[in-house]
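To keep things clear, I will list the structure first and then write my remarks on it.
The values are calculated or read from the model by the stated rules, or taken from the named source; none is laboratory data. Fair warning: this is a prediction, and the values are worked out from it, not measured in the lab. Note that we place each Cβ from the backbone using ideal geometry, even for glycine, and neighbour counts take in every protein chain shown. When the accessible area is computed, the model is the full protein with side chains, heavy atoms only, and any ligands, DNA or RNA have been set aside. Shrake-Rupley method; radii C 1.70, N 1.55, O 1.52, S 1.80 Å.
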Amino acid sequence: MSYSTFAEARAALSNDETSCEALVSSYLERIEARNDAVNAFLTVDRDGALNHARYLDSQLERGNDRPLAGLVLGVKDMIAIKNQALTCGSRMLEDFTSLYDAHVIEQLREAGAIFVGKTNCDEFGMGSSNETSYFGPVQHPEHEDYVPGGSSGGSAAAVADGMCHAALGTDTGGSVRQPAAFCGVVGLKPTYGRVSRYGLVSYASSFDTIGPMGRSVEDVALLLNALAGPDTRDATSAEVQVPDYTRALGRSVEGVRIGLPEEYFAEGLDPDIRRMIEAQVEQLRDQGAEVQSVSLPHTEYGIATYYVLATAEASSNLSRYDGVRYGHRADLETMQAAIKEEHEALHEQLGTAQSNGDAERVAQLQDQLDTQSDLLRALYVQSRTEGFGDEVKRRIMLGTYALSAGHYDKYYEKAQRVRTLIRHDFLQAFEDVDVLLTPATPTPAFQRGEKTADPLQMYLSDVYTVPANLAGVPGLSVPIGTHPDAPHLPVGAQLLAAPFDEAGLLHVGDALMKNVPA
Amino acid sequence: MPVTPDDVDHVAELARLSFDDEEKERLARDMSRILDHIDTLNELDTAGVPPMSHGVTRENVTRSDEPNARISREQALQNAPDTDGEHLRVPRVIDTDA
């Protein structure tokens, strides 16, 4: 017995037509049947989920209800659940077990959510296709050759494939909204500061957010009710009141001012996606929304700005993985053997340089020999080199480069200034409109392997999602049907709003989704 | 090409990573292409525009300094690759022969 949304399951629960245990069991069956193919879950906590479901059932019998009782949730494996693995899709953390619960996990457990397992993701959240996970790619639920998007590809695929009611993702540059669009589910990136990051493994701290993904706007609103709010353990979490987000639903869009940023409809947008968005706009206009064109003039600089600042923050955040306190450590004996070999090679070169009387080369080789004989340093290097995958290394390298002497002003500080301009674009636009409506992605899901050889092309696929992270504003991705050329591929619209106006996003998102023919 | 394999060596040194020659070539090429794109930022005049470091601006966030739940030594060592039961163990860094 399964229900398409949590809200439906909730109604069935309150009519005694089902139980939390029955809900969990039906999702566990689905996971068992499908996960080998889709690879959405990295770990499944079968016993923990069933035990918690039974506990909730006994509580419900006593009339002790909770707002999310019976919600079967997947949790992206970047978010800590006490005593469970926390891999971030990386070899580096293959054997890591979390010592504590993230703030969002505490909140959701209290609200009655049941954590059924940890979902696959791009390594440390770095990727747009879920192809960088050390534990293998996630498959698009509708077509085995396509990517589900990333980095929260496991969460999106799990929800779309009916392996859980909803899931938590994380969004640093579009990692909730883009996979939600590719898989045909709803995904919310909250305002920076709306949801505590305590217990979220850091990628780029000034961009990272945790967001809910579900099959309806209502489910996402119910989750946000539990997720939002301040937390003393995250100094960037905001003391802003949390409304009941479900009150934003089911209301008319009459009089709502909707802006269409012209830069998001420029070259590079798939023409069918453009037509699908325009059809949505027409319906909203018919329903009384006031639609106008707006400009966010610095949009084209979003990707460049993001890939300086996010990689710089990543290079700093990921310096903690050194093979000493936790995480992957290179094998010492293998390392010593390698060092010995390299040592001998350097000595040979030194001999040659000395007999040639090349003083400069001699000094250089002496330096290398000194550094190279430092075993602890070699342990750092080898552990990191083995523990991180190619994309993570590429971003650490880019970020280190941007922060290194001689490049800081040119890249890092410049990008910080452009970030101010991009934020200003948004704040300016929200003087005139309530929400912005854009495509979530320039194309539908692409094929596996299509963009892995060209990192820049992969980065450019985030062009519509990255600006919201730069500006810190909230964004919602809503499915609006499937692509006419590829009926298995969903298409998503994105709504953006002023800081802390998640209610405005959910209001219009709900109306938008109801306009889409089932 | 703004980034050479020698630059890659230098940055890898700073980042505590190592690459073979083929990887260095590829990284130099990828980083150069990405940096070429990033160079488009120079089209913008940002004189007088303040740098933005965070999604929200909050200053002087404080909390009371009270003891709260801590982890035990055992827990702290739980994820360590090598310990002697009480401490983290790493390769010898002090030369005792000297």
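Here are a few things to note about the model shown:
- Breaking point among (1) open to solvent by less than 40 Å² (accessible area, probe 1.4 Å); (2) part of a helix (DSSP H, G or I); (3) in contact (Cβ under 8 Å) with a residue 24 or more places away in the chain, for B:Arg29: (1)
- For region A:134-150, filtering for residues that are open to solvent by less than 10 Å² (accessible area, probe 1.4 Å), in contact (Cβ under 8 Å) with a residue 40 or more places away in the chain and out of contact with any Lys or Arg (no Cβ under 6 Å at 6 or more places or on another chain) leaves 4.
- Residue count for region A:24-75, restricted to those that are among the acidic types (Asp, Glu), modelled with pLDDT of 95 or more and assigned to a helix (DSSP H, G or I): 5.
- Among residues that are of a type outside the set (S, T, N, Q), open to solvent by 60 Å² or more (accessible area, probe 1.4 Å) and at the interface with chain B (Cβ under 8 Å from one of its Cβ atoms), A:Tyr380 is included.
- Inter-residue pairs, beta-carbon under 9 Å, first within 7 Å of chain B (Cβ to nearest Cβ) and farther than 13 Å from A:Gly302 by Cβ and in region A:416-438, second surrounded by 22 or more Cβ atoms within 10 Å (Cβ to Cβ) and hydroxyl-bearing (Ser, Thr, Tyr), 6+ apart: A:Gln416/A:Thr305
- Among residues of region A:332-353 that are assigned by TED's automatic domain parsing to the domain that holds A:Leu376 and open to solvent by less than 90 Å² (accessible area, probe 1.4 Å), those with a Cβ under 8 angstrom from a residue that is small (Gly, Ala, Ser) and in a helix (DSSP H, G or I), sequence gap 6+ or separate chain, pair up as A:Met335/A:Ala378; A:Ile339/A:Ala378.
- Test: A:Leu269 is open to solvent by less than 70 Å² (accessible area, probe 1.4 Å), in a loop (DSSP other than H, G, I, E, B) and of a type in the set (A, V, I, L, M): yes
- Residue match in region A:252-260 (condition: at pLDDT below 95 and open to solvent by 10 Å² or more (accessible area, probe 1.4 Å)): no
- B:Glu13 passes every criterion in (1) assigned to a helix (DSSP H, G or I); (2) closer than 28 Å to A:Leu93 by Cβ; (3) at the interface with chain A (Cβ under 7 Å from one of its Cβ atoms) apart from (3).
- Condition broken by B:Arg70, with the remaining ones in (1) under 24 Å from A:Ala310 (Cβ atoms); (2) surrounded by fewer than 14 Cβ atoms within 10 Å (Cβ to Cβ) satisfied: (1)
- Index of the failed condition, A:Leu496 passing every other in (1) closer than 18 Å to A:Glu300 by Cβ; (2) open to solvent by less than 30 Å² (accessible area, probe 1.4 Å); (3) part of a helix (DSSP H, G or I): (3)
- Only one of the listed residues (A:Ala338, A:Ala330) is modelled with pLDDT under 90 and within 11 Å of another protein chain (Cβ to nearest Cβ). That residue is A:Ala338.
- Scanning region B:43-94 for residues that are among the polar types (S, T, N, Q) and more than 7 Å from chain A (Cβ to nearest Cβ) gives B:Thr57, B:Asn60, B:Thr62, B:Ser64, B:Asn68, B:Ser72, B:Thr83.
- Within region A:302-372, helices (runs of 4 or more DSSP H) holding 3 or more residues that are under 30 Å from A:Arg423 (Cβ atoms) and out of contact with any Asp or Glu (no Cβ under 6 Å at 6 or more places or on another chain): A:302-317
- Condition check for A:Val217 on (1) in contact with a helix residue (DSSP H, G or I) (Cβ under 9 Å, 6 or more places away or on another chain); (2) over 22 Å from A:Leu23 (Cα atoms); (3) at pLDDT 95 or above: one failure, at (2).
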